[in-house]
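First up is the structure itself, then whatever we jot down about it.
The values are calculated or read from the model by the stated rules, or taken from the named source; none is laboratory data. Keep in mind that what you see is a predicted model, and the values were worked out from it rather than measured. Every residue, glycine as well, gets a Cβ built from its backbone with ideal geometry; the counts of neighbours run over all protein chains shown.
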């Protein structure tokens with residue numbers, strides 16, 4: 001290949017090189033509390049939109065992944081966090097909502113995991 005052919009091939013745009021975009025991964029701050037009926041998880045993920053959020057529960061491992069909706073193409077910002085869950089939660093009945101950069105995830109307890117009340121009788 002001659003120098004002229006090489007220059008033509010470089011200038012025709014067919015072999016564009018893409019530059020790598022650095023990824024900044026954050027660990028979101030999370031509050032978790034439990035009621036008699038459910039486990040509630042609140043995760044702070046500012047800048048995340050619903051389309052960029054993935055929540056998965058597989059073998060009692062809860063994974064939160066999100067990509068920030070950025071207009072800046074120089075850096076890609078993501079969130080990632082995992083939790084090991086105890087048995088007794090109904091993942092199929094989970095509900096999640098995202099409002100003002102805060103994810104609220106509700107995991108209902110299975111009936112077998114809910115606390116039971118035992119009546120006490122006075123014996124004479």
Inside the stretch 18-35, the number of residues satisfying the requirement of being within 23 Å of residue 110 (Cβ to Cβ), in contact with a strand residue (DSSP E or B) (Cβ under 8 Å, 6 or more places away or on another chain) and modelled with pLDDT under 95 is 1
Residues in the stretch 36-56 that are closer than 26 Å to residue 115 by Cα and exposed (fewer than 11 other Cβ atoms within 10 Å of the Cβ) total 1
Result of the Cβ filter at 6 Å on the stretch 104-115, keeping first residues that are under 24 Å from residue 53 (Cα atoms) and partners that are assigned to a loop (DSSP other than H, G, I, E, B) and modelled with pLDDT under 95, at least 6 apart or interchain, is 107/94; 108/90; 109/88
When restricted to 69, 93, the only residue farther than 18 Å from residue 34 by Cβ and surrounded by 12 or more Cβ atoms within 10 Å (Cβ to Cβ) is 69
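For (1) surrounded by 14 or more Cβ atoms within 10 Å (Cβ to Cβ); (2) within 26 Å of residue 116 (Cα to Cα); (3) within 15 Å of the chain's Cα centre (by Cα), each residue gets a yes or a no:
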site: 21; (1), (2), (3): no, no, no
site: 34; (1), (2), (3): no, yes, no
site: 58; (1), (2), (3): no, no, yes
site: 82; (1), (2), (3): no, no, yes
Residue hits (the stretch 72-86; within 16 Å of residue 33 (Cα to Cα) and modelled with pLDDT under 90) are 86
When the stretch 37-96 is checked residue by residue, the ones that are over 24 Å from residue 23 (Cα atoms), free of Cβ contacts under 8 Å to residues at least 12 places away in the same chain and either outside any loop (DSSP other than H, G, I, E, B) or touching a strand residue (DSSP E or B) at 6+ places or on another chain (Cβ under 9 Å) (or both) are 58, 92, 95
